[in-house]
Structure formats: structure tokens, C-alpha cells
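Take a look at the structure below.
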Amino acid sequence: MKTAQAPLLLSIEEQNMVGMRVAANGEVVFFDAKKGDEMDRVALKLPAGTSVTSIAEDQPGHPTVALGLSNGQVLVFKHNYKVTYPDNKKTITPHIDYPYGEAPMNLDPQGRPLEHVAIVSGDDSLLLAASTGSEMLLLGLTQQENMLTGESTLQEERINLPQIADPVKAIYMDPRKQWLYVLNGRAQADVFDLNSHQLNGRYKLLDDASAEVTASSQLLGGISLMVGDSKGGISQWFMARGEDGEPRLSHVRDFKLGDQPISSIAPEQRRKGFLALDKQGNLGIFHSTAHRTLLVENVAPSAGPMALSPRANRLIVEQGGELRRFSLSNPHPEVSFSALWGKVWYESYDKPSYVWQSTAATTDFEPKLSLSPLTFGTLKAAFYAMILAAPLAIAAAVYTAYFMAPGMRRKVKPVIELMEALPTVILGFFAGLFLAPYVEGHLPGIFSLLLLTPLGILAAGLIWSRLPERIRLSLPAGWEAAILIPVVLATGAFALWMSPHLETLFFGGDMRLWISHDLGITYDQRNALVVGLAMGFAVIPNIFSIAEDAIFSVPRSLTYGSLALGATPWQTLTRVVILTASPGIFSALMIGMGRAVGETMIVLMATGNTPVMDVNIFQGMRTLAANVAVEMPESEVGGTHYRVLFLSALVLLSFTFVMNTLAELIRQRLRKKYASL
């Protein structure tokens, strides 16, 4: 398709079948995107004697276009495409609509040409901005409907902004109608607060004094501003709060296309990616969040405007009045090592951070796919579970295998191993619905229980050793542990009974409030403490069973030989038995750790599933396994989110594989080292 008029705008519809070209004379040409043949030609309703001086599209993905005219007026239209199936053949019919009337709106009462224009439209509102030299014009339209008659009326509001000293290059507005960006001079941006109608700040966009801004555009959502310069660089900017808490235009990241001036930037309509074209015809494909340069290729020297399809799989570039068409295959640009594992500065965030947020309610959402908080949550849950489980399980295994009477051992060991048969979903259900609120209401008692139980056991042992020999010998050897059952129960009952008194005495009657306000520590009801208690209970049987078997399997000849040489039972335990059984004990700990890392249901039901990176024991977490269980049913098959979930499962598998491999290597070394005992 050849045309004489210079193009102002190129566009492609959803199905990549129909393209649109807006010429400088106000004529819209619809053409076949595959063949280039003209389909329809529409002359926009411009006032007599006027011409188009500027043009602007609404946010990426919106079909609204604003034309700035030479008489100070603005014409707003939409390009829509109707799909029909006559004779079972798909047909797309383009047409032009005027959502705010066919008559242009008067933006400048003095009738001066509008050199630049910007538009943000909503369901019942419209905001237009334009520049006439150094003066900025702003017009807001609000549509109100009469509830009785059903008639709609437009209310105008004109806003006066300070003048711009330097020549304006481009103007943009964010879709929330909060900020107005005015690019002016060589490399400067003035940001206006549309709520207070005041200048927020004047920002220098380029450090190189010899460079200047040559192209600019907004990314999907309108939050980020992409600025191309004369040295082939592209920088990303958006508003973020500084150290003083005030919003500032912040320089986020940079991209490099080449060494030639950037001529145009085209954002994707469904992702945070964009295309850039320089004066030599080099095309670059980038993704902002992943900070990736995906492709750099020369497509058309001296190329003009370009249009990217909504699905980002077709590109049209105009060169010398002719259209050149390209197919793009860019399925998963959001994934990069930095996006998955490093800190990323996301839009509207004050600083770079680790965030997992795969979905949102809006289509212009920026996916946040960092696996770091999920991996951290996995290790955090396993760490607190092992703090509880490892000492109890190992100590119980040592006592059961070495000191306990055979008759009592035959009763205790099966009971503990039977705990392993309890479904983890039951434990998670119990922890989430009962244990979490109970712990919240009895925090002093829970911590007192953890401290007083070992002290109570030591005190009971001390008292037992001071009793007369007649009483001590009345109990068969190896059955002393039975005495600890009432001791543990009494200590626990005492600790929980003292909980409200301790809370009143030391924490003003509410320990949770004291933790939150006085210590400034966030407290979630379903937190790592609850997970540690519940998952520790689930891990104890694994560690106990393997460690007990390892200790019990130590040859009795070693034990008897040590005792015969004059060693005490405790010396024999610490210097012979435990060293000989250390490979099995270490394997028990590693298997328990692997069980804790891979646990799903307890973590899923006993935490808030918030993917945060905080070692705070009173805050929740989200683990890799729980994240896969929660989000896999809702992910799009074959999509980036779907693949990242599989990657997180692979990370979990790799972690357990590496951990078990190291455990086996260490176990073999321990076995060789103590094989001579």
C-alpha cells in the first residue's frame, strides 16, 4: 500500500488481519494487514481550514485516539473492529466512533495550534492535556447521567498549569490522572501533580550533556515512562517515594540498542515489554521487568512509524510509503535470572525488593515472579520445625535405645512411629483452626512451656537422685522415664495456668499487642511458630525411628567393653555409642530436613501463605511446595506462570537431591572414620 501523505499513526487489530493508518491530512485508511490492500478510507470530521498538528493514543490496549488541531481544538475518536461470519467466513469490518461527539472539543480558547497532546479516558471521564509552545493546557470532562431522565451531560473543568520555559518534546499522563509528565529541552522532564496543580519537580533524564531525548513512550499501565536518547540508550522512569517519603521521578533501569538515535518506541499491550527502533533501522525487543534485551536486528533502514499487534506477534514498519511486515515469536520474556532470584524494582514500589505476586485484578498488572521469597519461606519453615523436632527426636532416640528397658521400649517405639501415619492434612487443619488461635491467646504460657519443660525434667531427675536408695531401687531399671510423664503434664498445666497472670504482669494484659506496638514486630496469627510446632510434631517420628535404629544397632560388645574398662554409662554413650551411630543419626536429621522442606499441607493451612522474606517467628511465609499446590490449578497451561511453577518444583527437587547427596557423602565419611571402633 502506497500513500502520499506522511503517516502519524499505525495500528493493528487483535486478529492481525486489519491495520489502520492515520495520515497528516486527517484521513484514516484501513488496510489488509497481510496483503496491504486498502479496505476502507474514512475522512475524519475536521473543521474547515484546520489540519492535524499532533496525535496521541490512550494507554496501550485502548483504542482511543486524540488529534490536536491547528485551531486549538481536539478531536477524539475510537477505531473499532466488528467480527462477523457471513457464509462461515470470518470477516472483520473496521469503523470509526466518536465517543464524545463528532464536534472537536475546544482546548485552547485563543485558537493556537496544539503542538503536543495527551489523553486518558475512563468509563465516565476524559482528561486531555496539550501544549502550545510553552503553555500547558488541561481539560477534564466528566459524564454525569440524570437518574430520572437517563440523559447524559458532560461537565468541563479547565486547569491552569505553570508555563514551561524550554521547548516541549512530549507530554504524558498516567491512567490514574495523578501525574502529568512534560518532556522538554534536551533531556528534562517536568512532573506536575494533577491533584494540587503544582510542579512536583524538574528532573534531568540524561547524565551525558551531549545527548538529548529523541523518543519516548509509556509502558502498559501508564506508570513507567520509557525515554530514548540520541546515543542509542533507553531508560525507564516512574514515580516512587524517596527517603523523605515524597514522590519523585526515579531512574529505574537502562537498556542499550546501539549508538544511533532512537526514533520510536512501541510498548506491548499485554506485557511490560517494548520495541525500539533507531535511525539506522535497528530493531530492539526488550522486557522491562526482566531487564532483558531479547533481540537486536536490522529490519529497515530509514524506517518510519511502526505498529505492534496486541498479541505482540506481528510488527508493521512503514518505509518510504511502503509497509513491511514481520512475525515475532517472544513467548516468555518475563523470565530472567535477575527476575527470578534478584531484587527487582517493580512499578509503584519505593525500592527494589523480592516479591512473588503472579496475578492481579487488572490486565495491566506487572507479574512479580521472584522465587527468592518462596525459597526463603521453605527454609524458614524447615528451620523452625527442625529446632523443635531435632533435639526432641534425637534425645528420645538416645534414651529409648540405650537407657530404656526392653519392655518399655517395645511399647514406646511403636507409639511414636504410629504418629507418622497421621495425615498431614489433619495436622494442618488442627494447627490452622485450633493451635494458631490458642497460641495467640496463650503466648506467655507457650514460651513458658518451652522453657519450663526441660527445667522441670532436670529438677525431677535431681529430686529422684536425692531420694532414698530404697525408693529408687523399687522401680525396675530402665523404667524411670515413666516418672517423667506426670512431671511433663504438670509442668505444661502450670505454664498454661500462669499464662494470663504473666501476660498481665509483664505485658499489660496483651502480649500480642505488646509485641506489635512496643517491639514493632509484626504478628500474624498463623505464623512460623505455629508451623514449627505442627510440622515439628510431624517430623519427629521420621528422625526418631531412624536415629533409634542406628543407636540400637551399635554392637553390644562395644558397650560392654567400654563399661568393662571402667567408663561410666554416660561416657560410653557420648564417646562410643553416639560416635558409632553418628552416620545413622546424621541420615535421620537429613531425612527429617527433607520431609520438612517438602511438606505442603501443614504449611498451606497453618500459615498466611504470604511470600515475605522475614526471619520473624511471628510472621508467616509461603513455601515452594505450598505455592505449587495453591497456584497450579489456576495457571494457564503453557504460560509463563505455569512454567515458573514447574521451575519452582524443580528447585525443590534439586534442593532435596543436593541435600540428600551431601548427607550420603558425609554419612560415608563418618562410617569410615568410626568403623574402627
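Points worth noting:
- Test: Ser557 is assigned by TED's automatic domain parsing to the domain that holds Ala436, surrounded by 18 or more Cβ atoms within 10 Å (Cβ to Cβ) and in a helix (DSSP H, G or I): no
- Within region 255-274, the set of residues being under 24 Å from the mean Cα position of the chain (by Cα) and closer than 18 Å to Glu366 by Cα comprises Pro267, Glu268, Gln269, Arg270, Arg271, Lys272, Gly273, Phe274.
- Answer residue from region 627-640, given it is in contact (Cβ under 8 Å) with a residue 40 or more places away in the chain, in a helix (DSSP H, G or I) and touching a helix residue (DSSP H, G or I) at 6+ places or on another chain (Cβ under 7 Å) and is farthest from Gly608 (Cα to Cα) among those: Glu631
- First in region 235-248 and touching a residue at least 40 places away in the same chain (Cβ under 8 Å), second anywhere and of a type in the set (Val, Ile, Thr) and crowded, with 17+ Cβ neighbours inside 10 Å, Cβ under 6 Å, 6 or more apart: Gln236/Val252; Phe238/Ile223
- Entry remark, region 110-130: residues being polar (S, T, N, Q) and either assigned to a loop (DSSP other than H, G, I, E, B) or at pLDDT 90 or above (or both) number 1 in total.
- Test: Glu636 is farther than 20 Å from Gly377 by Cβ, surrounded by fewer than 17 Cβ atoms within 10 Å (Cβ to Cβ), under 19 Å from the mean Cα position of the chain (by Cα) and not polar (S, T, N, Q): yes
- Selection of first residues in region 112-141 that are within 16 Å of Tyr172 (Cβ to Cβ) and of second residues that are of a type in the set (Lys, Arg) and at pLDDT 85 or above, restricted to Cβ pairs under 7 Å at least 6 apart or on distinct chains, gives the following pairs, ordered by first then second residue: Val120/Lys177; Leu127/Lys177.
- Taking region 4-15 as the range and being farther than 18 Å from Ile265 by Cα and buried (at least 18 other Cβ atoms within 10 Å of the Cβ) as the test, only Glu13 passes.
- Filtered by the rule that a residue be of a type outside the set (Asp, Glu) and at pLDDT below 90, region 317-331 gives Val317, Gln319, Gly320, Gly321, Leu323, Arg324, Arg325.
- Just one of the listed residues (Lys34, Lys78, Lys82) is outside any helix (DSSP H, G or I), surrounded by fewer than 20 Cβ atoms within 10 Å (Cβ to Cβ) and modelled with pLDDT under 90, and it is Lys34.
- Residues in region 380-411 that are under 23 Å from Asn527 (Cα atoms) and surrounded by fewer than 18 Cβ atoms within 10 Å (Cβ to Cβ): Phe383, Ile387, Pro391, Leu392.
- Test: Leu645 is surrounded by 15 or more Cβ atoms within 10 Å (Cβ to Cβ), in contact (Cβ under 8 Å) with a residue 24 or more places away in the chain, closer than 24 Å to Gly428 by Cα and not β-branched (Val, Ile, Thr): no
- Residue within region 101-109 that is part of a loop (DSSP other than H, G, I, E, B), of a type in the set (A, V, I, L, M), farther than 30 Å from Glu135 by Cβ and at pLDDT below 90 present: no
- The residues of region 57-72 that are touching a strand residue (DSSP E or B) at 6+ places or on another chain (Cβ under 6 Å), surrounded by 21 or more Cβ atoms within 10 Å (Cβ to Cβ) and more than 23 Å from Met39 (Cα to Cα), listed by number, are Asp58, Pro60, Gly68.
- Of the residues in region 336-356, at least one is surrounded by 20 or more Cβ atoms within 10 Å (Cβ to Cβ), in contact with a helix residue (DSSP H, G or I) (Cβ under 6 Å, 6 or more places away or on another chain) and farther than 26 Å from Ile591 by Cβ.
- Single unsatisfied condition, Val227 versus (1) in contact with a Ser or Thr (Cβ under 6 Å, 6 or more places away or on another chain); (2) at pLDDT below 95; (3) aliphatic (A, V, I, L, M); (4) closer than 22 Å to Ile55 by Cα: (2)
- Test: residue in region 140-155 that is surrounded by 17 or more Cβ atoms within 10 Å (Cβ to Cβ), at pLDDT below 85, outside any loop (DSSP other than H, G, I, E, B) and not aromatic (Phe, Trp, Tyr): yes
- Flag for Phe365 being modelled with pLDDT of 90 or more and either closer than 30 Å to Gly245 by Cα or aromatic (Phe, Trp, Tyr) (or both): no
- Qualifying residue in region 662-674 (condition: of a type in the set (Val, Ile, Thr), in contact (Cβ under 8 Å) with a residue 12 or more places away in the chain and surrounded by 16 or more Cβ atoms within 10 Å (Cβ to Cβ)): no
- Among residues of region 423-470, those that are surrounded by 13 or more Cβ atoms within 10 Å (Cβ to Cβ), more than 23 Å from Thr504 (Cα to Cα) and hydroxyl-bearing (Ser, Thr, Tyr), counted: 1
- Qualifying helices (runs of 4 or more DSSP H) (wholly inside region 381-441; at least 2 residues being under 41 Å from the mean Cα position of the chain (by Cα) and not assigned by TED's automatic domain parsing to the domain that holds Gln619): none
- Subset of region 501-524 [over 21 Å from Leu455 (Cα atoms), part of a helix (DSSP H, G or I) and not acidic (Asp, Glu)]: Thr504, Leu505, Phe506, Met511, Arg512, Leu513, Trp514, Ile515, Ser516, His517
The values are calculated or read from the model by the stated rules, or taken from the named source; none is laboratory data. Just so you know, these numbers come straight off a predicted model, no measurement behind them. So basically every Cβ, Gly included, is an ideal-geometry build from the backbone, and we count neighbours across all protein chains shown.
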